[in-house]
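> Input: one structure, supplied below.
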Amino acid sequence: MERFDYLAVGVVTHDLLPAGGHTIGGTVSFSSRTAVALGCRTAVVTTAGPDCDLAAALPGIPAHCVPAGHTTTFQNIYTPQGRQQYLHATAGQITAAHIPAGWDRTPIVHLAPLANDVHPAIINLFSNSMVGITPQGWMRAWDDTGRVFPCDFALAAATFPLAAAVIISEADLPDAATLQHFRQAARLLVMTQGPAGCTLFFGDETRHIPAPATTEVESTGAGDIFATGFLIRLHQTGGNPWDAARFANEIAAQSVTQASLAGKIQCLAAYHQSISPHPATQANPV
């Protein structure tokens, strides 16, 4: 049985383009390729329709795909008032029954819902793993037109305490009350803040970790890359969140200097190669 270091669970998406057609998206697309670039043996559990090219989305990465009638499809419309997101199709929900035998013992597990596509109870399957959650997909609802809007994650108090880290973008927090609720529920809450870095809430301590200055070219996927780096480094250091945050800030900052996903991954792989001789920075977590 093949063994892995990092397991990403969530949907591969089709993101509609303004000029027509689509590009491949989804947290697992970015996180799995980042984990590979950082030296981890990586696998993905996802669900998608027959129109999804998983070989292109997850090149060379073992993936267990739950067949679905449709691939989860998003459209982002940008207006002077900000971004409006629409959900045009959903692939379904991944549950504990969909995890292949033995994959539940992967050392690092990243639960990455985007449209309520990962059942929260799945976390109970990974009692022997270090689990990280990027919960944005549990904080979204949509109306009959597909218009996406924020909603409460009612199961946060039951789910977050089982995770080693919960990582959320400041932009995805609808209000201060949600932040406070998540702080109380999570053992370690990480709030990413784009070029400003991140703020960590760990026990009674709150600490801001600034990001290195960089020239931003394309920021798509930076949050997913941050989360992956954070979880890998957290595991490597035996649970040091401050070192994990500094490392995650560094690789996220490097990723935004590249326009394409391929360029981002190549940049991260080169960075990993440059630091790998130092014992404290070995990226293979097991």
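The values are calculated or read from the model by the stated rules, or taken from the named source; none is laboratory data. Bear in mind that the values here come from a model prediction, so they are computed numbers and not experimental data. Here the Cβ is made from the backbone with ideal geometry for all residues, glycine too, and neighbour counts use every protein chain on show.
> Could you list, in sequence order, the residues of the range 149-163 that are in contact with a Leu (Cβ under 9 Å, 6 or more places away or on another chain) and not in a helix (DSSP H, G or I)?
Residues satisfying the conditions are PRO150, ALA163.
> List the number of the failed condition for ALA91; all other conditions in (1) within 30 Å of ARG233 (Cα to Cα); (2) crowded, with 23+ Cβ neighbours inside 10 Å hold.
Tallying (1) within 30 Å of ARG233 (Cα to Cα); (2) crowded, with 23+ Cβ neighbours inside 10 Å, ALA91 fails exactly one: (1).
> Any residue in the range 137-144 that is within 18 Å of VAL45 (Cβ to Cβ), more than 15 Å from the chain's Cα centre (by Cα) and not hydroxyl-bearing (Ser, Thr, Tyr)?
no
> Could I ask something else about it? For the range 28-35, check the following and say yes or no: at least one residue is among the small types (Gly, Ala, Ser), within 30 Å of LEU173 (Cα to Cα) and touching an Asp or Glu at 6+ places or on another chain (Cβ under 7 Å).
yes
> If I filter the range 245-256 for residues that are within 22 Å of THR23 (Cβ to Cβ), hydroxyl-bearing (Ser, Thr, Tyr) and modelled with pLDDT of 90 or more, do I get at least one hit?
yes
> Looking at the range 209-258, which of its residues are charged (D, E, K, R) and touching a residue at least 60 places away in the same chain (Cβ under 8 Å)?
ASP224
> So in the range 1-38, with the set limited to residues that are without any contact (Cβ under 8 Å) to a residue 40 or more places away in the chain and in a loop (DSSP other than H, G, I, E, B), which one is surrounded by the most Cβ atoms within 10 Å (Cβ to Cβ)?
Per the criteria, the residue is LEU17.
> Hey, any hits in the range 44-65 for a residue that's closer than 19 Å to ILE232 by Cα, in contact (Cβ under 8 Å) with a residue 60 or more places away in the chain, in contact with a Leu (Cβ under 6 Å, 6 or more places away or on another chain) and not charged (D, E, K, R)?
No, there is no match, as no residue in the range 44-65 is closer than 19 Å to ILE232 by Cα, in contact (Cβ under 8 Å) with a residue 60 or more places away in the chain, in contact with a Leu (Cβ under 6 Å, 6 or more places away or on another chain) and not charged (D, E, K, R).
> When only residues in the range 204-245 that are of a type in the set (A, V, I, L, M), surrounded by fewer than 23 Cβ atoms within 10 Å (Cβ to Cβ) and out of contact with any helix residue (DSSP H, G or I) (no Cβ under 7 Å at 6 or more places or on another chain) count, which is farthest from VAL9 (Cα to Cα)?
The residue in question is ALA213.
> Let me ask something additional. Does the range 80-106 hold any residues that are without any contact (Cβ under 8 Å) to a residue 12 or more places away in the chain and in contact with a strand residue (DSSP E or B) (Cβ under 8 Å, 6 or more places away or on another chain), and which are they?
Selection gives ARG83 alone.
> Residue by residue through the range 67-79, note down the ones that are surrounded by fewer than 17 Cβ atoms within 10 Å (Cβ to Cβ) and either part of a loop (DSSP other than H, G, I, E, B) or in contact (Cβ under 8 Å) with a residue 24 or more places away in the chain (or both).
GLY69, ASN76
> Still on this structure, please answer the following. Can you tell which of PHE160, PHE201 is surrounded by 17 or more Cβ atoms within 10 Å (Cβ to Cβ) and more than 17 Å from PRO113 (Cβ to Cβ)?
Among PHE160, PHE201, only PHE201 is surrounded by 17 or more Cβ atoms within 10 Å (Cβ to Cβ) and more than 17 Å from PRO113 (Cβ to Cβ).
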